[in-house]
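Asker: The structure under discussion is supplied below as structure tokens; questions concerning it will follow.
Just so you know, all these numbers are worked out from the coordinates, no wet-lab data involved. The structure displayed is predicted, hence computed values, not measured ones. FYI the Cβ positions are ideal-geometry reconstructions off the backbone, even for glycines, and counts take in every protein chain you see.
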Amino acid sequence: MRGTLHMVAAEDVRWMLPLLTPRVHTKASGRHRQLGLGPSLFARCRTLFEKELRGGGLLTRDEMYALLQSAGVSPAGQRGIHILGQLARDGILCFGPRRGKQHTFVLLDEWIPQAKARPHDESLADLALRYFASHGPATVQDFAWWSGLSAADARRGVESTERQLARGSANGQDCWGPVDEPSGSTRGPAAVLLPPFDELLVAYKDRSPAVDPAHARHLHSLLSPTILVKGRIVGTWTKTQGRERVFIVPCFFDRPSAGEKRLIEAAVHRYGTYLGTAAELK
């Protein structure tokens with residue numbers, strides 16, 4: 001819950017929200033006080049939105065803000081987005097279908113089926129198992145960073161799933177991963193063009209296995225699309241549109257070997273195929 005858009009399976013929303021949002025609420029409370037927002041105002045906004053959206057209603061963000069304004073609640077100065085964020089974390093609102101290019105908001109209770117409440121420890125174990133099975137080998141610190149859970153909760157989640165995971169050691173730290181490693185035939189290509197905020201970087205507190213710390217400063221706080229070769233990030237890339245093709249412009253940390261360049265050119269070709277146009281490494 002890092003303050004960005006999240007997409008999860010419908011059946012997971014009901015147990016993930018109470019597991020992951022309490023610390024976000026705590027961190028946001030100081031900003032809420034600065035903006036003059038509190039429990040009574042959030043309750044008032046909830047009533048307002050529930051009345052307007054009940055029965056399949058949907059509104060864009062600007063329309064939600066206009067509704068607040070008409071009720072005497074100013075959405076100015078980030079107040080609007082904090083109100084919507086709080087009510088989304090409280091399980092009142094979620095995104096519905098787009099209207100043109102705009103997201104719309106709907107009532108979560110009308111959009112997502114109800115589900116039985118889960119015990120806290122059961123939710124912890126489920127999230128831990130999913131994380132380490134899909135991102136391992138990884139450490140408890142990595143899991144805490146990725147999930148936003150406290151260090152204590154992250155450890156409890158790992159302890160409750162240890163028997164279902166493989167334990168190892170890397171750089172002097174305990175790490176966990178899936179019991180059954182995928183066979184070589186299921187692994188992806190040797191070189192890949194990754195988007196910004198890819199899980200290879202975002203999902204780990206320690207990113208040194210993927211990128212040399214000496215080069216990490218070039219990643220602009222995870223905003224850069226990156227070039228991955230044999231599990232290591234070797235540079236960043238940008239895209240420019242030509243008349244008849246897309247050009248991929250790389251910025252390498254070190255000069256690639258001839259073999260690495262061939263792998264990257266193959267990745268560029270695959271990217272062009274995905275876009276439905278010719279693509280060339282410039």
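Asker: For the Cα atoms of the chain, what angle does the longest principal axis make with the long axis of helix 151-161, in degrees from 0 to 90, nearest 10?
Answerer: For helix 151-161, the angle is close to 70 degrees.
Asker: Please give the length that would be gained between LEU41 and LEU5 if that part of the chain were fully extended, namely 0.36 nm times their separation in residues minus their C-alpha to C-alpha distance (nm, one decimal).
Answerer: Additional length available on full extension: 10.6 nm.
Asker: Please get the size of the charge dipole for segment 158-282, origin at its Cα centre, with Cβ charges of +1 on Lys and Arg and -1 on Asp and Glu, quoted in debye to the nearest 20.
Answerer: 540
Asker: Can you tell me how much longer the chain between LEU223 and ALA115 gets when fully stretched, taken as 0.36 nm per residue apart minus their C-alpha distance, in nm with one decimal?
Answerer: 35.3 nm
Asker: Can you work out the FRET efficiency for the pair ARG262 and LYS239, with r the C-beta to C-beta distance and R0 = 25 Å, to the nearest 0.05?
Answerer: Computed FRET efficiency for ARG262 and LYS239 comes out at 0.80.
Asker: Right, something else. Which one, THR273, PRO113, ALA190, projects farthest toward the positive side of the charge dipole computed for the chain from Cβ point charges (K/R +1, D/E -1)?
Answerer: THR273
Asker: A further question on this structure: Rounded, prolate or oblate: which one fits the chain, using the alpha carbon gyration tensor with axes a ≥ b ≥ c (rounded when a/c is under 1.5, else prolate when a/b beats b/c, else oblate)?
Answerer: Note, shape of the chain comes out oblate.
Asker: Quick check on the exposure proxy: order ILE81, ILE112 from fewest to most C-beta atoms within 10 angstrom.
Answerer: ILE81, ILE112
Asker: Also, quick follow-up: So, counting K/R as plus one and D/E as minus one, what does the shell of residues with Cβ under 13 Å around VAL246 add up to?
Answerer: Its environment carries a net charge of +3.
Asker: Please report how many Lys pairs in the chain have alpha carbons closer than 19 angstrom, counting only residues at least 8 apart along the chain or sitting on separate chains.
Answerer: So the count works out to 4.
Asker: How big is the dipole moment of the chain about its Cα centre under a simple scheme where the beta carbon of each Lys and Arg is +1, that of each Asp and Glu is -1, and everything else is neutral? Debye, nearest 20, please.
Answerer: About 780 debye.
Asker: Considering only TYR131, TYR65, TYR204, give the residue with the highest GNM mean-square fluctuation for the chain, with springs between Cα atoms whenever their separation is below 10 Å.
Answerer: The residue that fluctuates most here is TYR65.
Asker: Follow-up. Return the single residue from LYS27, LYS239, LYS101 with maximal mean-square fluctuation; model: Gaussian network over the chain, springs between Cα atoms under 10 Å.
Answerer: In this elastic network of the chain, the residue with the biggest mean-square fluctuation among LYS27, LYS239, LYS101 is LYS101.
Asker: Tilt of helix 79-89 relative to the longest C-alpha principal axis of the chain, in degrees (0 to 90, nearest 10)?
Answerer: Once rounded, one gets 80 degrees.
Asker: Would you order ASP180, ASP126, ASP174 from fewest to most other beta-carbon atoms within 10 Å of each residue's own beta-carbon?
Answerer: Arranged by neighbour count, lowest to highest, ASP180, ASP126, ASP174 become ASP180, ASP174, ASP126.
Asker: Using Cα pairs under 8 angstrom and six or more residues apart, how large is the relative contact order of segment 146-269, in percent?
Answerer: 19
Asker: Any chance you could give the angle, 0 to 90 degrees and rounded to 10, that helix 61-70 forms with the longest Cα principal axis of the chain?
Answerer: In the chain, helix 61-70 runs at an angle near 20 degrees to the longest axis.
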